[in-house]
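Everything on this sheet refers to the single structure shown next.
Just so you know, all these numbers are worked out from the coordinates, no wet-lab data involved. It should be emphasised that the depicted structure is a prediction, and the values quoted were computed from it without experimental measurement. For neighbour counting, all protein chains shown are included, and Cβ atoms are generated from backbone atoms with ideal geometry for every residue, glycine included.
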Amino acid sequence: MSHPSISPLQARLSWSLLALRLTVFLVMLVWTLDKFVNPEHGARIFESFYSIKGVGEIAIYVLGALQMVLILAFVAGLAKRWTYGIIFILHGASTLSSFPQYFDAFNNLLFFAAWPMWGACFALYLLRDADNRFTLSK
C-alpha cells in the first residue's frame with residue numbers, strides 16, 4: 001500500500017529510479033572489485049583505453065578504494081548532485097574512451113551496453129530529487 005500523498009505515477013517513478021540506481025551500482029561494483037581482484041587488468045585498461053602507461057598496483061588499489069566510497073555513497077543516495085554527477089561523468093568517459101570499438105561493432109557488441117547505462121546515469125542525475133526510495137538523503 002502506498003502513502004496517500006504519493007500519486008501512482010510518483011510511486012512508479014521512484015521504483016523505476018531505484019531499479020536504475022541498483023543496476024548501475026551493480027555494474028560499477030563489479031568494475032570496482034575487479035581493481036582489487038585483478039589489478040593488472042585495471043592497469044591494462046588505463047593503458048589501452050586512456051593511454052596512461054605504468055599505472056602501478058598500489059595506484060589501482062587506491063583508485064579502487066576511492067571508487068568504492070563513491071559507489072557506496074551513490075547507491076545510498078548520498079550527496080546526489082555530486083555522486084550521481086560523478087558517476088555520470090566517469091561512465092561517460094569510459095563509454096567515449098571505447099569509441100574505436102564501436103567501429104568494429106560486430107566484434108565488440110558488449111561495448112554497446114555502455115550507451116544505455118550512460119543514459120540511465122543521465123536519467124538518474126536529472127531525476128535525482130525524485131529518486132527517494134531507500135536513500136539516506138532527500
**Fill in**
Taking segment 102-130 and keeping only residues that are touching a residue at least 40 places away in the same chain (Cβ under 8 Å), charged (D, E, K, R) and out of contact with any Phe, Trp or Tyr (no Cβ under 8 Å at 6 or more places or on another chain), one is left with Asp129
**Asked** Name the pairs: first residue in segment 73-84 and within 15 Å of Phe122 (Cβ to Cβ), second residue assigned to a helix (DSSP H, G or I) and among the aliphatic types (A, V, I, L, M), Cβ to Cβ under 6 Å, at least 6 apart or on different chains?
**Response** Phe74/Ile87; Thr83/Ala73; Tyr84/Leu124
**Request:** State yes or no: is Leu33 under 15 Å from the mean Cα position of the chain (by Cα) and loosely packed, with under 15 Cβ neighbours inside 10 Å?
**Result:** yes
**Fill in**
Listed by range, helices (runs of 4 or more DSSP H) wholly within segment 53-138 having at least 3 residues that are closer than 20 Å to Gly42 by Cα and out of contact with any helix residue (DSSP H, G or I) (no Cβ under 6 Å at 6 or more places or on another chain) are 57-76, 80-97
**Request:** Just name the residue that is nearest to Leu9 (Cα to Cα) out of those in segment 97-122 that are aliphatic (A, V, I, L, M) and surrounded by fewer than 17 Cβ atoms within 10 Å (Cβ to Cβ).
**Result:** Ala113
